[in-house]
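Just below is one structure, and these are the notes that go with it.
The values are calculated or read from the model by the stated rules, or taken from the named source; none is laboratory data. Here the structure is a predicted model, which is why all the values come from computation and not from measurement. Ideal geometry is used to build each Cβ from the backbone, glycine not excepted, and the neighbour counts take in all protein chains shown. Just the protein is used for accessible areas: all its heavy atoms, side chains included, with ligands, DNA and RNA removed. Shrake-Rupley method; radii C 1.70, N 1.55, O 1.52, S 1.80 Å.
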Amino acid sequence: MSTAPSIDLSVIPESQRAAVLAVLRERDALRESNRRLEHLIAELNQAVHGKRSEKLNDDERQLAFEDLETAVAEAETRQDAEAAPRTPPRRAARRNRGHLPESLPRVERVIEPDSLLCPCGCGEMHRIGEDRTERLDIVPAQLRVIVTVRPKYACRRCAEG
């Protein structure tokens with residue numbers, strides 16, 4: 001394993017020194033972890049393939065594997081603990097349900113009732129409101145919104161509409 005040249009921290013801008021020091025500390029911790037794992041692997045190889053490997057019973061051989069599994073689990077949990085704070089929290093998804101963009105062209109269709117005369121015979125009904133629904137219509141190579149308007153009428157003299 002080659003050693004990296006030492007870094008002169010006075011050359012690095014003040015705003016970046018803390019980040020460089022954190023990276024150097026992390027590098028040293030990873031090197032130490034690698035040395036420990038390489039040592040455990042060498043011990044395991046000695047136990048499995050060494051001169052006395054045939055003399056070991058299954059329990060002793062299993063003990064060597066447990067040491068290696070424990071060291072690997074420790075290294076993985078350390079890596080997970082270091083990686084967890086670095087992930088930024090996710091923002092809630094922005095959804096646009098039911099609102100079509102205002103920039104799309106709109107075609108309005110007004111559906112009038114057959115007759116505006118009041119069924120009770122008191123005269124013509126007056127517009128009191130409307131129901132609007134919008135749906136997306138796709139014309140090849142063109143998007144547009146069809147707006148359907150259904151006016152509501154009511155008689156001013158009676159309660160029927």
At 0.36 nm per residue, minus the direct Cα-Cα distance, what do residue 90 and residue 18 gain on full extension? Give it in nm, one decimal, please. 23.3 nm
Using only the alpha-carbon atoms of region 115-160, report the extent along each of the three principal axes, biggest first, to the nearest angstrom. 51, 15, 11
In nanometres, what is the gap between the two model label sites at residue 8 and residue 28, each 7 Å from Cα along Cα-to-Cβ? 2.1
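Given a Förster distance of 22 angstrom, what is the FRET efficiency for residue 111 paired with residue 154, based on the Cβ-Cβ distance and rounded to 0.05?
Result of the calculation: an efficiency of 0.85.
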If I model the chain as equal point scatterers sitting on the Cα atoms and use the Debye formula, what is log10 I(q)/I(0) at q = 0.09 Å⁻¹? -0.67
Once both axes come from the Cα atoms, what is the angle between helix 58-83 and the longest principal axis of the chain, in degrees from 0 to 90, rounded to 10? 50
Considering only protein heavy atoms, what per residue accessible area in square angstrom results for the chain with a 1.4 angstrom probe? 84
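Which length gain, in nm to one decimal place, applies between residue 126 and residue 71 when the Cα-Cα distance is subtracted from 0.36 nm times their residue separation?
Roughly 11.4 nm would be gained on extension.
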Nearest 10 degrees, 0 to 90: helix 14-49 Cα axis against the chain principal axis: 60
